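Participant: One structure follows; several queries about it will come next.
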Amino acid sequence: MFARGKSWPLALAAVLVFAGASFAAAYSSPTGNYRGTFIGDDYGSFLVDVNPDGSITGVVHSNVSFMDMEVTGTCAPDGDCDFTTVGNEAIHFYFLGKIDFMNRFIGKWAYLDNSARGSFYGMIQKD
């Protein structure tokens with residue numbers, strides 16, 4: 001059926017397909033605490049909570065302006081999320097990203113006036 005020594009790529013492909021499906025099946029919700037960093041024209045860190053109702057709350061810290069700013073936002077069951085800084089004293093950031101099946105939070109950010117932008121990356125925090 002297969003040429004001798006040529007069946008291992010098919011076996012490897014089958015393992016990867018089934019392993020990927022089992023990882024995806026294990027993913028149920030993006031709920032949790034996520035810690036990460038953002039880089040670009042501004043840079044710093046964030047700590048956000050994705051709540052069971054899809055709301056996001058947390059804090060962003062800018063290393064450029066030396067400010068901690070509160071954020072609020074939403075996260076859909078499929079992991080598409082966005083959050084923005086709130087408050088009159090805050091630099092107005094907008095974060096748009098996705099939480100994937102491995103609980104990585106990855107996306108882009110920009111100031112609301114588009115004068116600065118960059119990317120961000122975070123991971124869920126385990127207890």
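Participant: Condition check: within 15 Å of residue 33 (Cα to Cα) and part of a strand (DSSP E or B). Does residue 122 satisfy that?
Facilitator: So residue 122 fits the description; yes.
Participant: Answer yes if at least one residue in the stretch 73-80 is part of a strand (DSSP E or B) and farther than 13 Å from residue 30 by Cα, and no otherwise.
Facilitator: Yes, the stretch 73-80 has at least one match.
Participant: Out of curiosity, is residue 101 in a loop (DSSP other than H, G, I, E, B), closer than 16 Å to residue 75 by Cα and touching a residue at least 12 places away in the same chain (Cβ under 8 Å)?
Facilitator: When the stated conditions are applied, residue 101 passes them.
Participant: Against the condition open to solvent by 90 Å² or more (accessible area, probe 1.4 Å), charged (D, E, K, R), farther than 12 Å from residue 34 by Cα and without any contact (Cβ under 8 Å) to a residue 24 or more places away in the chain, how does residue 113 come out, does it pass?
Facilitator: yes
Participant: Now, a different point. With respect to the numbered conditions (1) under 18 Å from residue 44 (Cα atoms); (2) over 8 Å from the mean Cα position of the chain (by Cα), which one is the sole condition not fulfilled by residue 101?
Facilitator: The one condition residue 101 does not meet is (1).
Participant: Related question: Please go through the stretch 89-110 and give me each residue that is open to solvent by less than 20 Å² (accessible area, probe 1.4 Å) and farther than 15 Å from residue 48 by Cα, ordered by number.
Facilitator: Those that are open to solvent by less than 20 Å² (accessible area, probe 1.4 Å) and farther than 15 Å from residue 48 by Cα: 90, 110.
Participant: Would you confirm whether any residue within the stretch 27-35 is under 23 Å from residue 120 (Cα atoms), open to solvent by 50 Å² or more (accessible area, probe 1.4 Å), at pLDDT 95 or above and out of contact with any Gly (no Cβ under 7 Å at 6 or more places or on another chain)?
Facilitator: yes
The values are calculated or read from the model by the stated rules, or taken from the named source; none is laboratory data. Computed from a predicted structure; not experimentally measured. Reconstructed Cβ throughout: ideal geometry from the backbone, glycine too, with neighbour counts over all protein chains shown. These accessible areas exclude ligands, DNA and RNA; they are computed on the full protein's heavy atoms, side chains included. Shrake-Rupley method; radii C 1.70, N 1.55, O 1.52, S 1.80 Å.
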